[in-house]
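The structure appears right after this line, and notes come after that.
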Amino acid sequence: QVQLVESGGGLVQAGGSLRLSCAASRIIFSGNAMHWFRQAPGKQRDLVATITSSGSTNYADSVKGRFTISRDNTKNMVYLQMNSLKPEDTAVYYCQTTITGMGYWGKGTLVTVSS
């Protein structure tokens with residue numbers, strides 16, 4: 001079974017930085033696009049960033065220029081570097097991938113940005 005485990009969340013002041021990590025197991029990692037989503041309290045889950053198997057990236061407008069998604073195929077890891085954090089970035093962040101039409105999610109890691 002595919003497993004995705006996020007880590008790196010925490011409490012940070014506005015303007016600070018955090019680096020989230022997602023460890024993927026039991027998948028052909030290098031062949032899959034990987035995504036970061038987030039869900040703020042009382043809101044829907046939104047796509048934040050995507051990295052394809054070839055390394056192309058895409059970002060939500062709200063995080064462009066502040067967040068960077070990357071991957072290390074040798075370690076089956078995907079990362080989200082978050083800089084210039086704002087209180088509105090507060091959310092649970094999830095790692096996600098889709099394999100043969102089935103979506104897989106981690107349990108999430110909480111990021112809290114204080115003003």
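The alpha-carbon of residue 86 sits under 26 angstrom from the alpha-carbons of these lysines, leaving out residues fewer than 8 places away in its chain: 43, 64, 107.
For the chain, relative contact order (Cα pairs under 8 Å, six or more residues apart, normalised by length) works out to 36 percent.
Percent of accessible area on the chain owned by carbon and sulfur, 1.4 Å probe?
Using a 1.4 Å probe with all protein chains present, the chain comes out at 49 percent carbon and sulfur.
A viscosity of 0.890 mPa s and a temperature of 25 °C, combined with the Kirkwood radius over C-alpha pairs in the Stokes-Einstein formula, give the range 66-115 a diffusion coefficient of 194 µm²/s. Distance between the 7 Å Cα→Cβ label points at residue 43 and residue 107: 2.5 nm.
Subtracting the Cα-Cα distance of residue 56 and residue 99 from their residue separation scaled by 0.36 nm leaves 13.7 nm. Using the empirical formula 2.2 N^0.38 Å as the baseline, the Cα radius of gyration of the chain reaches a ratio of 1.00. Rounded to the nearest Hz, the phi-derived 3J(HN,Hα) couplings of the range 42-48 under the Karplus curve 6.51 cos²θ - 1.76 cosθ + 1.60 (θ = phi - 60°) are x, 10, 6, 7, 10, 6, 9, where x marks glycine and proline.
Beta-bridge orientation, the chain: approximately 90 percent antiparallel, per DSSP, counting only bridges with both partners inside.
The values are calculated or read from the model by the stated rules, or taken from the named source; none is laboratory data. Only a predicted model underlies this, so the values are computations on that prediction, with no experimental measurement involved. We place every Cβ from the backbone using ideal geometry, glycine too, and count neighbours over all the protein chains shown. Protein only, heavy atoms only, side chains kept; ligands, DNA and RNA dropped before computing areas. Shrake-Rupley method; radii C 1.70, N 1.55, O 1.52, S 1.80 Å.
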